[in-house]
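A.B. asks: Dropping a structure here in C-alpha cells format, bear with me for questions.
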Amino acid sequence: MGDFFSEGWSWYVALVSVISVLACAVLLWLAGKARVSAKARADNTTGHVWDEDLREYNNPLPRWWMWLFIITVIFGLIYLALYPGLGAYEGMHKWSQQGQHQADARQMRESLAPMYAQFTAKPVADLAKDAQALAIGQRHFMNYCSQCHGSDARGGKGYPNLTQGASGWLGPLSGEHIVQTITQGRQGVMPAMGAAIGSEAAISDLAHYVMSLSGSPHNEIKAFGGKKYFAACAACHGNDGKGNKALGAPNLRDSYWLHGWGEEAIANIIKNGKTNVMPAQAAWLSQEQIHVLAAYVLSLSGGSTELTVQPAPAR
Amino acid sequence: MKQDAQPAKVIPIALAQDDSTVLTSLYQTEGKIYPRSVSGWFSRWRWALVWATQLVFYGLPWLSQHGRQAVLFDLSARRFYIVDLVLYPQDLIYLTGLLIISALSLFLFTAVAGRLWCGYACPQTVYTEIFLWIERQVEGDRVQRIKLDQGPMSTGKFARKALKHGLWAALGLWTGFTFVGYFTPIQELAQEVARLQLGPWESFWVLFYGFATYGNAGWMREQVCKYMCPYARFQSAMFDRDTLIVSYDQARGEGRGARARSESAAAYRARGLGDCIDCGLCVQVCPTGIDIRKGLQYECISCSACIDVCNTVMDKMHYPRGLIRYSTPNGLAHGLSVAQMWRRVARPRVLIYTAVLLAVAAAVMGSLWLRTPFKVDVVRDRGSIARRGDAGRIENVYRLQVMNASEHRQSYTLQVEGIEGLQIASSNKVEVAAAGSLWVPVRVQMPPTAAAAGSHPIRFRIVQDDGRELLEKAVFLVPR
C-alpha cells in the first residue's frame, strides 16, 4: 500500500462489496415473496397503454430464473472468501497474479529441467555443435540479445559484432568467458586522453597514425607526426597497437571499428574516451539457459558465417 | 377504452370493466410439458437431421488423416486441422466468413420458411428429441408419463426415473467427451478416461458440457427457447407476409367441435362446425406447449409436430389433409394456391439474401482454394537501423518468421526487390518442418550509392519449391 492510502479505504471497499451482495440477496428474497395485485385480463396485458397503441404484455420471469440470481449471490460470496476481492483481504487461497506467474514459471522450469540437464552436462564448446541446443540458443538470442547485437549477431556501431571469430573478440574466445560475460555483463572503458595528448592538431595527427596501423587510408605526414603521441596509448593497446586481450583493449591493426571508422570517429574517442556497457543477464536468465545461449554465441564464431540454424527435429 | 378529452403524450387508459383484481407473484411457475409422440412426414425429416448431425458430431473426431486426427482444434499449439487444411490464428478471416455464411443462410431460410433451424437442426431441438425418445422408452408416452409423475413414489417409479436419468447422464457425458475430443486428441482422451487419469481441465469441460446437455435437453427444454435464446426472438424480425409458417386454417377449421365420423360435411357445417374436431392433439404434441390454433406465437419453433398429428386425424376422419399446414399469412388471407405462394418466394428480400450468400460463399471458397500454404512475417531489426557492410554496401537486418501451413517439410527461397542491386547477403534458403515455424535473420545489402538517404519500400518474395510465392512489404533504411 502506498503512503497515501489509509486502511480505511480497504474497509470501505470491503463493506460496500459485502453490503451490495447482501442487498441483492434481500431484494431477491423480497421479490420472490411479494404478491402484487394485477388485473386478470383476457389479452394478458398489464392494462398500460402508451402512445395510443403500445401495450405492455404481462410476461413474468420463470421462477427458475430467480435461482440463477441466487446462484450468482452464493458464487459471489464464495469467490470473495477464496480470492482477493474485499479491499486488502488476500482471500483464503492467498492467490495473486505474481504468485500465479511464479507458479507457472516454476512449473515450466521443472518441465524443461531434464532437457537442460542433458545440455549442462556437456561443455559449452561441445554444445556449440548440438543442433537442438543451438535452436534453443538462437531463440534465447532473439529474445535477449538481438535488440543490441542484431538478429544476425553482427551488431552495429557501439554494439560488437559476435561473428568475427577469435581475432574479433576483445577478450579470449572461450565458453567460460562468454558465460561470464552474459552472466555478469561487462564494462569497457577507454579513458579520455584529450588532456594528455594536448592540442586538436596533435589528436588529429594521432588519429591518422592509428588509421595507418590497420592500413586504412591516411595522411602519411600527419601519421608520422602522430606516432610520438602513441606512447600514451601503448600502455593498453601495446607498442604495436595489437591490443591486450587480458585487459580487453582492442586490436587497432585489424579492420574492425566498433565505434566508427575515420579520422573524426577515432579523434573523438581519443579525446573523450568511451564507456561501453554490456548489461548482466543473470537476473532473468538461469544458469542453464546462459549455458545454452553461450554455446550459440560461440557457434557464431565457429567458422560458418551463416546463422540460420536448422530447426530441431520435429517431435 | 376511454380517452381523456385533452390529448396527451402518455395516455393511461382506464381498465376494462370486466377485469377482476388478483394477487400474483412476480415469478411464474410453468407446468411441465409432456409432448406426445408423433409420426409423419415432418417428424421423419427431423429424425433424418438428428441422425445426420449427430453421426457427424460423434463420429468426426474418430477419423484420422495424415497420421493425426482429421479434425482437431489444437488450441495450445494454435493449429486448427480440418481434414487437409491446417489453419493458423492468422486465418481467423475464414471463421468470420463461416459465421457470415451461417448468418446469411439463417436469414434466407427464415425469410422463406420460418424457423427451420429451430425446428430441425438446432442442437437444443436435436438433443431434446433424443432425450424425449429415451424418456419414452423408459417411462412411456404422454399419458403414462403424466400418470407416473402424479402417482406416489414406488420402487417401480424410482427405478424408471433412475434409469432415465442414468441414460440421460450417460448420453450427456458422451456428448461432453466428444466435444472436448475436438480440442484434445480424442484417442488419447479415451485412454485417459479409461485409466481414470483425465487432467483437471479436461475433466471440467467434459463434466461441464455433459451437464449442459443433460440440463438443457432433459430439464430446460422449451424454457431455453422461450427465455434464454436471443435468436428465437429476433428471427420473427425476418418474417414477412409471404413467409411460410406453420399455420392453422381458421376459415376451414372454425368452429371447433366433436362430431361423429359418419356426419356429412353439409350436416356439421349446418350446425356451424368447421373441420376442426377439437381433439386437442395439436396441443398435446407441441414441445413448447402452445395451441397453434391461436395463430403465430413466438414460442413456436416450427417443428411441425402439429401438422403431422393433425394430418393423421384428418385421415381418420376422411377429411382432406392440411387443416394445419405450412402456409403464408398472405396465402391464408387471400386463399393463394401452393404454386402462387411458391412464386412469391422469389421476392426481392429472398433474392438479395441468396445473391449475397452465394457471393460470400464463393469468395470464401475461392480464397481457401487460392491460399498459399505458408505465411511470412517480416520484422525489421530495431536495434541497428542500418550499417556499412562489405565494400561500403549499406546493410539492413530483418527477421522473417516463416510458417509452414502444410503437412510436409518445405523449403523456401528468399528474394528481395525494390532497389537496383538489392540482394540478400545471408543464406536465402530456408527449410521448415511440417506445420512448423522458424525465425530467420536475413541481411539485405544495397550497393553504396543505389538509393538516397531515407526510407525506401522494398518487397520480400518468398518462393516455395512448387513455385507458389508470397510477397511481403518491408522498408529499407539508408543512413545519411
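Just so it is clear, none of the values below were taken in a lab; they were calculated from the coordinates. Owing to the predicted nature of the structure, the values given are computational and were not obtained by experimental measurement. Backbone-built Cβ (ideal geometry, glycine too); neighbour counts: all protein chains shown.
A.B. asks: At a Förster radius of 41 Å, what calculated FRET efficiency corresponds to the Cβ-Cβ distance of A:Ala195 and A:Ser6, to the nearest 0.05?
C.D. replies: Approximately 0.10, to the nearest 0.05.
A.B. asks: Something else now. For B:Lys429, go through the lysines and keep the ones whose alpha-carbon is under 21 Å away, minus same-chain ones fewer than eight residues off.
C.D. replies: A:Lys129, B:Lys375, B:Lys473
A.B. asks: If you don't mind, there's one more thing I want to ask. Find the percent of Cα-Cα distances in region A:87-160 that exceed 20 Å, and round it to a whole number. All intermediate terms of the calculation are to be shown ahead of the outcome.
C.D. replies: Working: 1521 of 2701 pairs.
Of all Cα-Cα distances in region A:87-160, 56 percent exceed 20 Å.
A.B. asks: Please compute the average number of Cβ atoms from other chains found within 10 Å of each residue's Cβ in peptide A:228-235.
C.D. replies: On the way: counts 0, 0, 0, 0, 0, 0, 0, 0.
Counting other chains' Cβ atoms within 10 Å and averaging over A:228-235 gives 0.
A.B. asks: Something else now. Need one number: nm distance between label points at A:Asn44 and B:Lys294, each 7 Å from Cα along Cα→Cβ, rounded to one decimal.
C.D. replies: 0.4 nm
A.B. asks: When the Karplus curve 6.51 cos²θ - 1.76 cosθ + 1.60 is applied with θ = phi - 60°, which whole-Hz ³J(HN,Hα) does each residue of region B:416-428 get, with x for Gly and Pro?
C.D. replies: 9, 8, x, 10, 3, x, 5, 8, 8, 8, 8, 4, 10
A.B. asks: Could you work out how far the C-alpha centroid of region A:268-287 sits from that of region A:183-262, in angstrom?
C.D. replies: Their Cα centres are 20 Å away from one another.
A.B. asks: Something else about it: Treat each spin label as a single point 7 Å out from the Cα along the C-beta direction, and report the B:Glu263 to B:Met365 distance in nm.
C.D. replies: 5.7 nm
A.B. asks: Also, quick follow-up: Using a cut-off of 19 Å between alpha-carbon atoms, which aspartates and glutamates can reach A:Lys222, once sequence neighbours fewer than 8 places away in the same chain are excluded?
C.D. replies: A:Glu200, A:Asp205, A:Asp240, A:Glu263, A:Glu264
A.B. asks: A further question on this structure: For peptide A:182-189, compute the average count of partner chain beta-carbon atoms within 10 Å of each residue's beta-carbon.
C.D. replies: Neighbouring Cβ atoms belonging to other protein chains average 0 per residue here.
A.B. asks: Computed on alpha carbon atoms, what radius of gyration and Dmax characterise the protein assembly as shown, expressed in Å?
C.D. replies: 40.0, 137
A.B. asks: Simple spin-label model, 7 Å along Cα-to-Cβ: A:Ile70 to B:Ala434 in nm?
C.D. replies: 5.6 nm
A.B. asks: Please give the Cα centre distance for region A:115-131 versus region B:59-83, rounded to the nearest Å.
C.D. replies: Value for the Cα centre distance between the two parts: 35 Å.
A.B. asks: What does the structure give for B:381-388 when I average, per residue, the other chain Cβ atoms found within 10 Å of the residue Cβ?
C.D. replies: Taking the mean over all residues of the peptide, I get 6.
A.B. asks: Also: Starting with the fewest neighbours, write out B:His165, A:His237, B:His318 ranked by other beta-carbon atoms found within 10 Å of each beta-carbon.
C.D. replies: B:His318, B:His165, A:His237
A.B. asks: Go ahead and estimate [θ] at 222 nm for chain B from helices alone: -39,500 (n - 2.57) per DSSP H run with n ≥ 4, summed, over the residue count, rounded to 500.
C.D. replies: Numbers: 15 runs with 183 residues, N = 480.
Roughly -12000 deg cm²/dmol at 222 nm, from the helical runs in chain B.
A.B. asks: Given R₀ = 45 Å, FRET efficiency for A:Ala232-B:Val475 by Cβ-Cβ distance, to 0.05?
C.D. replies: Efficiency, from the Cβ-Cβ distance: 0.50.
A.B. asks: Between rounded, prolate and oblate, where does region A:220-261 land on the alpha carbon gyration tensor, with a ≥ b ≥ c its root eigenvalues, rounded for a/c under 1.5, else prolate if a/b exceeds b/c? Walk me through the numbers on the way to the answer.
C.D. replies: Details: a/c = 2.50, a/b = 1.33, b/c = 1.88.
Because a/c hits 1.5 or more and a/b fails to exceed b/c, region A:220-261 counts as oblate.
A.B. asks: For region B:30-371, take N as its residue count and report Rg(C-alpha) divided by 2.2 N^0.38 Å.
C.D. replies: Taking N as the residue count of region B:30-371, the ratio is 1.18.
A.B. asks: Still on this structure: Starting with the fewest neighbours, write out B:Met238, B:Met153 ranked by other beta-carbon atoms found within 10 Å of each beta-carbon. Don't skip to the answer; put the middle values down first.
C.D. replies: Values: B:Met238 18, B:Met153 8.
Ordered by Cβ neighbours within 10 Å, fewest first: B:Met153, B:Met238.
A.B. asks: Among A:Tyr116, A:Tyr159, A:Tyr12, determine the one that fluctuates most according to a GNM of chain A built with springs between C-alpha atoms less than 10 Å apart.
C.D. replies: In this elastic network of chain A, the residue with the biggest mean-square fluctuation among A:Tyr116, A:Tyr159, A:Tyr12 is A:Tyr12.
A.B. asks: Using Cα atoms only, what is the angle between the long axis of helix B:305-317 and the major principal axis of chain B, expressed in degrees (0 to 90) to the nearest 10?
C.D. replies: Around 40 degrees separate the two axes.
A.B. asks: Say R0 is 56 Å: what FRET efficiency, to the nearest 0.05, do B:Ile100 and A:Gln180 get from their beta-carbon distance?
C.D. replies: Values: r = 59 Å, r/R0 = 1.05.
With R0 = 56 Å, the Cβ-Cβ based efficiency is 0.45.
A.B. asks: Okay, next question. Residue by residue, what Karplus-based ³J(HN,Hα) values in Hz, rounded to whole numbers, does region B:128-144 have, using 6.51, -1.76 and 1.60 with θ = phi - 60° and x for Gly and Pro?
C.D. replies: 4, 4, 5, 5, 5, 5, 4, 4, 5, 5, 8, 10, x, 7, 2, 5, 4
A.B. asks: Sorting A:Lys94, A:Lys242 on the 10 Å Cβ count, fewest up front, what's the list?
C.D. replies: Lowest count first: A:Lys94, A:Lys242.
A.B. asks: Here's another thing I want to ask about it. Could you calculate the contour length gain from B:Ser25 to B:Arg233, that is, 0.36 nm times the residue separation minus the distance between their Cα atoms, to one decimal place in nm?
C.D. replies: Going from the current span to full extension adds 72.4 nm.
A.B. asks: Output needed: Cys residues of chain B lacking any neighbouring Cys C-beta below 4.7 Å, sorted by number.
C.D. replies: When partners are defined as cysteine Cβ atoms under 4.7 Å apart, chain B leaves B:Cys118, B:Cys122, B:Cys225, B:Cys229, B:Cys276, B:Cys279, B:Cys286, B:Cys300, B:Cys303, B:Cys310 without one.
A.B. asks: Based on Cβ point charges of +1 for Lys and Arg and -1 for Asp and Glu, what charge dipole magnitude is obtained for the protein assembly as shown about its Cα centre, in debye rounded to the nearest 20?
C.D. replies: Using only the charged Cβ atoms, the result is roughly 1580 debye.
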